[in-house]
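Asks: Can you keep this structure in mind? I'll have questions shortly.
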Amino acid sequence: MRLKILMIVLVLMLLTKIQASAQSFDMGLEAGMNFSSLVGSGANALSSTGSTSSRLGFVGGGYLSLNFGPNFGIRPELLYEQKGAQISGTTTNYEVDYIEVPVLLKIGLGMPGLNPSILVGPSFDWNTLSNFPSAAGGVSTGDVGLVGGIEFDFSKFCINGRYELGLDNVTGVKNVTNGTFTVLMGYSFI
């Protein structure tokens, strides 16, 4: 836990220093949906049927894009994200909702029109709600993940798709992490 707090403090200090040298910035809101599942060798042990499937969830929040030219930027975000999984063949969901702070590098491909960009970086998650059976051994209070995706910008709008792989165990059962596909649409008001 101390390592996570230290990493967050270092990232915030770095963002403060970087903001002073950014050439421009964008700020906006974004919302969409994700398809989340529990991955890892221990994920199937959580279900009496032996398998889980994806859970459809909401994701939304805001972003700040610090631009260092047309093809490079740093994009911290603050999101509310619903993750978890569904037990196959039932209506039972494992629910884990997070406040998430991804800090992404945005690397533009320099093409006119939709201006595609690659997004990559870490995310820091804090558990706000969980619904897991007691057999799961409890739910962790946070998660650190790796995010990779692509974004298309047009005028003040953007759309992006990304995958996030959690690095921490979600439950007391070993080798159970989050795996989340997310699609977001955003609007830059600054």
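Taken together, the values in this text are just the output of simple stated rules run on the coordinates, not laboratory data. Every value quoted in this text rests on a predicted model; they were computed, and no experiment measured them. Ideal geometry is used to build each Cβ from the backbone, glycine not excepted, and the neighbour counts take in all protein chains shown.
Asks: Pop out the ³J(HN,Hα) list for the stretch 26-37 in order, Karplus 6.51 cos²θ - 1.76 cosθ + 1.60 with θ = phi - 60°, rounded to Hz; leave Gly and Pro as x.
Replies: 10, 9, x, 10, 8, 8, x, 9, 9, 10, 10, 9
Asks: What is the fewest-to-most order of K174, K83 by other Cβ atoms lying within 10 Å of their Cβ?
Replies: Final ranking by Cβ density, sparse to dense: K174, K83.
Asks: Going by C-beta contacts inside 10 Å, put T141, T171 in order with the fewest on the left. Don't jump to the answer; show the numbers that get you there.
Replies: On the way: T141 13, T171 24.
Result, fewest neighbours first: T141, T171.
Asks: Can you tell me the convex hull volume per residue for the stretch 98-190, based on C-alpha atoms, in Å³ to the nearest whole number?
Replies: Working: hull volume 9.3 nm³, N = 93.
So the per-residue Cα hull volume is 100 Å³.
Asks: Which FRET efficiency value, to the nearest 0.05, is calculated for T128 and N71 with the Förster distance at 30 angstrom and r the Cβ-Cβ distance?
Replies: Given R0 = 30 Å and the Cβ-Cβ separation, E is 0.25.
Asks: Through the Karplus equation 6.51 cos²θ - 1.76 cosθ + 1.60, θ set to phi - 60°, convert the phi angles of the stretch 169-177 into ³J(HN,Hα) values in whole Hz; use x for Gly and Pro.
Replies: Residue by residue, the stretch 169-177 yields 5, 6, 10, x, 6, 5, 6, 10, 10 Hz.
Asks: Tell me the net charge near G166. Cut-off is 10 Å between Cβ atoms, G166 excluded, with +1 for each Lys or Arg and -1 for each Asp or Glu.
Replies: Taking every other residue near G166 into account, the sum is -3.
Asks: Can I ask one more? Which Cα, out of V59, L105, L78, lies furthest along the positive dipole direction of the stretch 59-108 (beta carbon charges, K/R +1, D/E -1)?
Replies: Of the listed residues, the answer is L105.
Asks: So, how do all the Cα-to-Cα distances of the stretch 136-190 break down into 5 Å bins, in percent, from 0 on up?
Replies: The percentages, shortest bin first, are 5, 18, 20, 15, 13, 12, 9, 6, 3, 1.
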